[in-house]
Amino acid sequence: MKIVIAGNGKVGAALTRQLSMEGYDLTLIDANQQVLDVSLEQYDVNVIRGNCASMDVLMDADIKEAELLIALTDADETNLLCCMTAHKLNPMLHTIARIRNPEYAEQIYRMRDAFGLSMAVNPEKQTADEIARLLQFPGFLKRDTFAKGRVEIVEVRVEEGSRLSGLALSEIERVVRTRVLICSVIRDGKAITPGGSFVLKEGDRIFITAPTQNLADLLKRTGAITRRIERVIICGGGRIGFYLAQQLLRSHIAVEIIDKNRERCLELAERLPEASIVHGDASNTDLLDREGVSDSDALITLTGLDELNVIVSLYGKNRNVPMVITKFGHIDSHGLLNNLPLDGVISPKELCCNSIVRYVRALKNQVGAAITVHSIADGQAEALEFRVDETTLHCGEPLKALKLRKGVLVASISRGPRTEIPNGDSVFQKGDIVIIVTSTDGVIYKLNDIFA
């Protein structure tokens, strides 16, 4: 499949990395030749320097032969014009545009056909949604949802004194008193697919598959934090902070936003009258103390500097803030952050890439493509959701009789309102939703790809 990526910034570079690994025919457009040269050295791609909204540049990118255009420049308007122009040149083209300005949200929805848009992505809105979901259950580092919200894979750190420390996986069910599946464990930076005899230890980060309705019980019985969030301090008043504050205020959570840009503070005060807006530098510990950081239930660091976010987050942990969430934008951040006592690390780039990769795979496989794709275990594994249909092999056969590819795990089976954490006698049938976790090198495009 031929794909044109317009804009080779952080999201574009991450997407290029992922899609080139999967063997797609990629052409990159960017106005910065240095950025293009870096991608050209690392990946097997074509590059074109120029304005991606220009008809001539799109023609040079062979847009008439492409199946998909992904517009990821820094300007929403450029992305829209790029998609409109490309769609006019190739009416069969699928287009995805990154649109970040909140003022355009309703307009994009109503005028999607006029803009020639197949899909719009908003990394900042996705990030705010993810943080709001984490705040519902303090104690989880990450939550990925499947089967229309009925199943989740959650990430938990085994803390000092945790009931999970020193426990073999075969004993987990006895402790949490509900059937769950530990589908992956991060230890010393490496993802492990554990067996029943695997013993958890302090510092492990574990990925647990469980029905959504069991999450609260899971937190209580593992001794994780269960304090209800009532007051949140947000450091950084950009788009993510704005979207997040909107959501939290609707949930009647007190919100304070700290930002060092006076004009932005005035704008936020006008648009978020129920929030407390503070003009100041979030790296100033005296300011944080004056604003009562140690009395807050959660500290969210969303400034444009990753290093500043980490430093402020660590100060929050030092002041015993129960929940600290850190935004991180660098591509290879996980190894650096593994040993830091942070409650949750959010990457807008990763969230956006997951959405686009799912669309690309569905476009490649019109029948049986994954409904949902999430990267887990620091990118060392994927969790995918599939619907069992008439083309699926081995329906009705017990899992213990199936030969699966190495590194593939069936994590859950949902049938109507009922979700099962499977055992060897479990079967899947037409219409079921099946969640697969894979650490295999090959891409799982459809459910039949899991079989050896």
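The values are calculated or read from the model by the stated rules, or taken from the named source; none is laboratory data. Small disclaimer: the values here were computed from a predicted structure and weren't measured. FYI the Cβ positions are ideal-geometry reconstructions off the backbone, even for glycines, and counts take in every protein chain you see.
Residues that are within 19 Å of Phe328 (Cα to Cα) and among the charged types (D, E, K, R) within region 116-150 comprise Glu124, Lys125, Asp129, Glu130, Arg133, Lys142, Arg143, Asp144, listed in sequence order.
Applying the criterion of being free of Cβ contacts under 8 Å to residues at least 40 places away in the same chain and acidic (Asp, Glu) to the residues of region 74-83, the residue that is farthest from Tyr359 (Cα to Cα) is Glu77. Listed by first and then second residue, the pairs with beta-carbon distance under 8 Å, at least 6 apart or on different chains, first residue in region 416-431 and at negative phi, second of a type in the set (Asp, Glu) and outside any loop (DSSP other than H, G, I, E, B), are Ser426/Glu420. Selection of strands (runs of 3 or more DSSP E) fully inside region 336-452 by the criterion of at least 1 residues being surrounded by fewer than 17 Cβ atoms within 10 Å (Cβ to Cβ) returns 408-415, 418-420. Restricted to region 196-290, the set of helices (runs of 4 or more DSSP H) holding at least 2 residues that are closer than 26 Å to Lys125 by Cα and polar (S, T, N, Q) comprises 239-250. Annotation note: of Val158, Val232, Val154, the sole residue that is within 25 Å of the chain's Cα centre (by Cα) and within 17 Å of Leu409 (Cβ to Cβ) is Val154.
A quick yes/no check of all residues on (1) without any contact (Cβ under 8 Å) to a residue 40 or more places away in the chain; (2) of a type in the set (Gly, Ala, Ser):
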{"position": "Met55", "(1), (2)": "yes, no"}
{"position": "Ala66", "(1), (2)": "no, yes"}
{"position": "Leu72", "(1), (2)": "no, no"}
{"position": "Arg98", "(1), (2)": "no, no"}
{"position": "Gln107", "(1), (2)": "yes, no"}
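Here the condition is being free of Cβ contacts under 8 Å to residues at least 40 places away in the same chain, out of contact with any Ser or Thr (no Cβ under 7 Å at 6 or more places or on another chain) and charged (D, E, K, R); of Asp44, Asp37, it holds for Asp37 alone. When the residues of region 130-186 are filtered to those that are of a type in the set (Gly, Ala, Ser) and in a strand (DSSP E or B), the one that is surrounded by the fewest Cβ atoms within 10 Å (Cβ to Cβ) is Ala168.
Residue-wise test of (1) aliphatic (A, V, I, L, M); (2) surrounded by 16 or more Cβ atoms within 10 Å (Cβ to Cβ); (3) assigned to a loop (DSSP other than H, G, I, E, B); (4) at pLDDT below 95.
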{"position": "Ile5", "(1), (2), (3), (4)": "yes, yes, no, no"}
{"position": "Ala14", "(1), (2), (3), (4)": "yes, yes, no, yes"}
{"position": "Ser20", "(1), (2), (3), (4)": "no, yes, no, yes"}
{"position": "Val38", "(1), (2), (3), (4)": "yes, no, no, yes"}
{"position": "Asp56", "(1), (2), (3), (4)": "no, no, no, no"}
{"position": "Tyr104", "(1), (2), (3), (4)": "no, yes, no, yes"}
